[in-house]
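Taking it in order: structure first as structure tokens, then the write-up.
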Amino acid sequence: MKFNVGCGWRDFGDDWIHIDAGDYKHLDSDDIHLYDYEHNSADLIYASHVIEYFDREEIKVLLSDWKDVLKPNGILRLAVPNFEKIVSLYIKGYNDYKLDNALGPLYGKMPMGNETIYHKTAYDFSSLKKVLEEVDFKDIRHWNWEATEHSEFDDHSQAYLPHLDKENGTLISLNMECVKWFHLIKNLYLFT
């Protein structure tokens, strides 16, 4: 099973389970915590520009819930705004990059039902790695959007500045993945 959590209007096809609080025909559920799904059942959980809407304590609960649903060696693939790249472009004045250009990626703003939600935190590689390690994910690394089974879907994992300039622009999405690790002790599988 493959989950696209926070998919919005993007429909990855019948091979995926689509999770979002929006109102789209392709959605399978609005349960972002995946409580309705069996533990150790998912091969991949993908969330593009979702977890920054949770603070650093809230996200540990959500990541733990996702970890429960992943199979041993299942992959959690995340994309978030890349604080380091965005700030670097701002400081360098890249392509006349102003504060207004950084506000959307850093602070977000999205209607969700009857309210408007905003990003509650930002990440660079080391800070997101630390959060993932605290939830006991392993093999934490960057991933290349071009080498995924969902590369044909232009979502925020492919966010570049200047906008859509994938050949000459700078990727401002921090794309990281990790695995649910397990180890074998005396022929018993212990899932972490």
Using alpha-carbon coordinates, inclination of helix 56-69 to the longest axis of the chain, degrees: 40 degrees
Per the 1.4 Å probe, what fraction of the accessible area of the chain, in percent, lies on carbon and sulfur atoms? 50 percent
Per residue, how much accessible surface does segment 1-58 expose to a 1.4 Å probe? Answer in Å², no decimals. 52 Å²
Leaving ligands and nucleic acids out of the surface, order V87, V69 by accessible area at 1.4 Å, largest first. V87, V69
Using a 1.4 Å probe and ignoring any ligands, DNA or RNA, find the accessible area of T148 and quote it in Å² to the nearest 10. 20 Å²
Shape category assigned to the chain from the gyration tensor of Cα positions, a/c cut at 1.5: prolate
Relative to the longest principal axis of the chain, what angle (0 to 90°, nearest 10) does the C-alpha long axis of helix 83-92 take? 10 degrees
Student exercise, segment 89-144 dipole from Lys, Arg, Asp, Glu Cβ charges, in Debye to nearest 20: 120 debye
Hey, what did the chain get for relative contact order, percent, Cα under 8 Å, at least 6 apart? 21 percent
So what is the 222 nm mean residue ellipticity for the chain from helices alone, if each DSSP H run of at least 4 adds -39500 (n - 2.57) and you divide by all residues, rounding to the nearest 500 deg cm²/dmol? -6500 deg cm²/dmol
1.4 Å probe accessible area per residue over segment 72-184, in Å²: 56 Å²
Top of E152, E133, E84 by mean-square fluctuation, Gaussian network on the chain, Cα under 10 Å: E152
Would you work out if segment 1-99 is rounded, prolate or oblate? Take a ≥ b ≥ c from the square roots of the eigenvalues of the alpha-carbon gyration tensor; rounded if a/c is under 1.5, else prolate when a/b is larger than b/c, oblate otherwise. prolate
Which residues qualify? For I117, with a placed amide H closer than 5 Å and at least 5 residues away or on another chain, they are M110, M112
To the nearest 10 degrees, how steep is helix 125-134 against the longest Cα principal axis of the chain, on a 0 to 90 scale? 20 degrees
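The values are calculated or read from the model by the stated rules, or taken from the named source; none is laboratory data. Everything quoted here is computed from the prediction, not taken from an experiment. Reconstructed Cβ throughout: ideal geometry from the backbone, glycine too, with neighbour counts over all protein chains shown. Calculation scope for accessible area: heavy atoms of the full protein, side chains included, ligands and nucleic acids excluded. Shrake-Rupley method; radii C 1.70, N 1.55, O 1.52, S 1.80 Å.
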